[in-house]
Amino acid sequence: MKILKIFLLLSSLFLFVNADDDNHWYRHTYKNLDYLELNNEQTVKMKEILIDFKKQYKEFYEFKEKQEDRIRDILRNDIFNEKEYLTILNEIKSKASLLEVQKMNNIHNILNEKQRKKFSKYFKEWEVE
């Protein structure tokens, strides 16, 4: 009988601790937006944004590759040009940051308050690398 009481107490505590999480049974997969429960209009807009940014990311990664070639040249030289190296890194980071801000702004405008709260839990996976 004591074991049953302890079991009931522990199970009720477990349920109480997890009661505040809306989707505690939801298993999130990388860049999956199902947890946001988008309506049809939001889904269409989100697809447009992601397709548009796919093109912009392609351009960014081509730019990044060219800049990395310049960095390789700097590293191959006999004299390390610290100023040029720093300039190239800043160009890459600033361009990536601008892309990320634009994308997040567009996504933010589509989502409602509840969806923004859920999205904020997984925003890291949407960062530009």
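Computed quantities for the displayed model
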{"read-out": "Local electrostatic count at Glu91 - Lys and Arg +1, Asp and Glu -1, tallied over other residues with Cβ under 10 Å", "value": "+4"}
{"read-out": "Using θ = phi - 60° and Karplus 6.51 cos²θ - 1.76 cosθ + 1.60, couplings along the stretch 107-112 (whole Hz; Gly, Pro as x)", "value": "5, 4, 5, 7, 7, 8"}
{"read-out": "Burial ordering of Ile51, Ile71, fewest other beta-carbon atoms within 10 Å first", "value": "Ile51, Ile71"}
{"read-out": "Relative contact order [Cα under 8 Å, 6+ residues apart], the stretch 37-126, whole percent", "value": "44 percent"}
{"read-out": "For Ile51, net neighbour charge (Lys/Arg +1, Asp/Glu -1) across residues whose Cβ lies under 13 Å away", "value": "+4"}
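None of the figures in this text is laboratory data; all of them are computed from the coordinates on show. Small disclaimer: the values here were computed from a predicted structure and weren't measured. Counting neighbours? That spans all protein chains shown, and the Cβs are built from the backbone with ideal geometry, glycine included.
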